[in-house]
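The next block holds one structure in the form of structure tokens; read it before the comments.
The values are calculated or read from the model by the stated rules, or taken from the named source; none is laboratory data. As the structure is a prediction and not an experimental result, all values here were calculated from the model. Note that each Cβ is placed from the backbone with ideal geometry, even for glycine, and that neighbours are counted across all protein chains shown.
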Amino acid sequence: MFNRVGTMRYSFYFLVAEESFPNRIIIRNQLMQLGQKVDIVATPEDLLSQVAVNSYDILLIDVGLYNKLYGCDLMGFIKKKQPYSITPIVALTFLRSPRLEKCNITKEWCFFCKPLNPQEAQKIINYIESTLN
């Protein structure tokens, strides 16, 4: 895929873990319009099932997604698993909170706020591309 100035753009395989159905649709559409491949899950169990059987380039995880594991704990758990120890994780959130700030200290992933608009979706892709250079 090429951008407007003719330079190569990467196409990534995203797994989006988001509880809210409307947010899942918005995020999927924003990323697909930018030429990305996207799978969507709504629960931590589905997230863990998907990462067990597929190889994703990027994980977008709602920090509020939890069952027994709260968002950042879930992301940390996934980061300990191969091959996801080197896979970028982007956390999605509505608000900054003390718990979020605690997660941010690790610098293992970055945070973007919802709702995701086209500019934010492009920023996520740019961030991931910058980690490849």
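Key figures
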{"read-out": "Subset of segment 1-31 that is among the small types (Gly, Ala, Ser) and more than 12 Å from the chain's Cα centre (by Cα) - its residue that is modelled with the lowest pLDDT", "value": "Gly6"}
{"read-out": "Members of segment 32-70 that are touching a residue at least 60 places away in the same chain (Cβ under 8 Å) and over 11 Å from the mean Cα position of the chain (by Cα)", "value": "Gln33, Leu34, Gln36"}
{"read-out": "For Ser55: the one exception among (1) modelled with pLDDT of 80 or more; (2) more than 17 Å from Glu18 (Cα to Cα); (3) in a helix (DSSP H, G or I)", "value": "(3)"}
{"read-out": "Every residue from segment 10-52 that is surrounded by 16 or more Cβ atoms within 10 Å (Cβ to Cβ) and part of a loop (DSSP other than H, G, I, E, B)", "value": "Phe12, Glu18, Ser20, Leu34, Gln36, Ala42"}
